[in-house]
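Throughout, read-outs are computed from the coordinates displayed, never taken from laboratory work. Note that this is a predicted model, so its numbers are computed, not measured. Cβ: placed from backbone, ideal geometry, glycine included. Neighbour counts: every protein chain shown.
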């Protein structure tokens, strides 16, 4: 092949004239738009967190107020009924011992009949029916007696 037969070929790649300043301006503009959008989203998140914190503070204040009021009422009751409060304390201590014995018999029953309770649904239901209500009522009674016997300590702890 001689140079005479060689035809000019079009270039495989075309040239694009990209001015550095035009590219930088467009890139900076897109970057600024993204930055302002992110800033806007972050400000919205911050405002939502501030509102959530305000609501949590209100909730804590409301709950603390209720607890202080209840402690004051219990303290007043105990001052009005000192002998009954002492009786509640003695009853709570005695019932605590009863609860300990009851828990001991409950745990012995579980360990003696573990496999039966595990395998048989009927036996598990019988066990729950026998011990469950008694345990729930015993816990409820013990809680009431404990609260009534320790009301002054709670009221004094909450007062300044």
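Could you sort 125-131, 70-76, 115-121 so that the peptide with the highest average Cβ count within 10 Å comes first and the rest follow in order?
My ranking of the peptides, most packed first, is 70-76, 125-131, 115-121.
Where does segment 23-158 land on Rg/Rh, using Cα atoms and the Kirkwood Rh?
Values: Rg = 28.9 Å, Rh = 20.8 Å.
Taking Rg over the Kirkwood Rh, I get 1.39.
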